[in-house]
Amino acid sequence: MRQKGGYGQFCPVAMASEVLCTRWTMLILREFCAGSTRFNELRKGVPRMSPTLLAKRLKELESAGVIERVSRKGSGAAEYHLTRSGEDLKQIVMGIGIWGQRWVETRVALDNLDPDLLMWDMRRFVDPAQLSKDKCTVQFQYSDLPPAKRYYWLVIENGQADMCSIDPGFEVDLYVHTDLRTMTAIWMGVTTVSKEIRDERLELIGPGDLCRSMQQWLGLSPFAKEEKLAS
């Protein structure tokens, strides 16, 4: 599919850019690579994108043969899945993320804070195998956010994790008190749980084993292991 106002070049880089380099498209592809298949799941991964623009981008990717729209059996609700062409983009999306982790200045990255996206990302990569119990509820309190956005809950049960911005009503096993920048830095691999506790920017209230293993069960960003490189 050739985009209007394209580059007008036969170069494969130019042709691919006409499909992939429109605003938000790479972030939508990131969500597909992370396993999202439904419209509302995609919206949670790009919370600042309007639903109208998301729908438009999905149609463009479908027209380009990158994704396909299918109906779920029983409900008939729509799901979106990567095609063979889309699956081939996974290594490209990961490569861009690795480059960003290595070369984009940390201060710049940490100026773009978003609690909804952070919690959605953490939910996806929690490692329940590192927990000592089958069901666990963790409450996060971000001291620098307004009361309406201050509290989030991770509910981990039967190997699955769910994120709530409204109290789910379960007994809390672990309380995490910190600020959004600190938690984002931990998630990105810029710092560690133990260091932030020592520097008194992170407080954990709960059973000792749950506190000690937080660095492991939190999972961290898939790019966290990449070392920062000097430009």
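Structural remarks
- Test for Leu131: is it crowded, with 16+ Cβ neighbours inside 10 Å, touching a residue at least 12 places away in the same chain (Cβ under 8 Å) and closer than 19 Å to Arg23 by Cα: no
- Breaking point among (1) among the aromatic types (Phe, Trp, Tyr); (2) part of a helix (DSSP H, G or I); (3) modelled with pLDDT of 95 or more, for Trp120: (3)
- Entry remark, region 184-218: residues being more than 19 Å from Gln141 (Cα to Cα), of a type outside the set (S, T, N, Q) and under 22 Å from the mean Cα position of the chain (by Cα) number 2 in total.
- Options Arg38, Arg48; residue that is surrounded by 13 or more Cβ atoms within 10 Å (Cβ to Cβ) and under 30 Å from Phe125 (Cα atoms): Arg38
- Test: residue in region 200-207 that is crowded, with 17+ Cβ neighbours inside 10 Å and within 29 Å of Arg102 (Cα to Cα): yes
- Per-region count, region 104-117, residues within 19 Å of Thr178 (Cα to Cα), part of a helix (DSSP H, G or I) and free of Cβ contacts under 8 Å to residues at least 40 places away in the same chain: 1
- Whether a residue is assigned by TED's automatic domain parsing to the domain that holds Leu117 and either surrounded by 17 or more Cβ atoms within 10 Å (Cβ to Cβ) or among the basic types (Lys, Arg) (or both) was assessed, and Leu154 passes this test.
- Residue ID - surrounded by the fewest Cβ atoms within 10 Å (Cβ to Cβ), chosen from residues in region 62-80 that are in contact (Cβ under 8 Å) with a residue 40 or more places away in the chain and in contact with a Phe, Trp or Tyr (Cβ under 8 Å, 6 or more places away or on another chain): Ala78
- Every test in (1) in the same structural domain as Thr37 (by TED's automatic domain parsing); (2) among the polar types (S, T, N, Q); (3) modelled with pLDDT of 95 or more; (4) more than 18 Å from Gly35 (Cβ to Cβ) is passed by Thr137 save one, and that test is (1).
- The residues listed here are Lys135, Lys149; of these, the one that is within 20 Å of Lys44 (Cβ to Cβ) and of a type in the set (Lys, Arg) is Lys149.
- Selection from region 81-91 of residues that are surrounded by 14 or more Cβ atoms within 10 Å (Cβ to Cβ) and free of Cβ contacts under 8 Å to residues at least 24 places away in the same chain: Thr83, Ser85
- Among the residues of region 211-231, those identified as exposed (fewer than 13 other Cβ atoms within 10 Å of the Cβ) and not hydroxyl-bearing (Ser, Thr, Tyr) are Arg212, Lys225, Glu227, Leu229, Ala230.
The values are calculated or read from the model by the stated rules, or taken from the named source; none is laboratory data. Here the structure is a predicted model, which is why all the values come from computation and not from measurement. Counting neighbours? That spans all protein chains shown, and the Cβs are built from the backbone with ideal geometry, glycine included.
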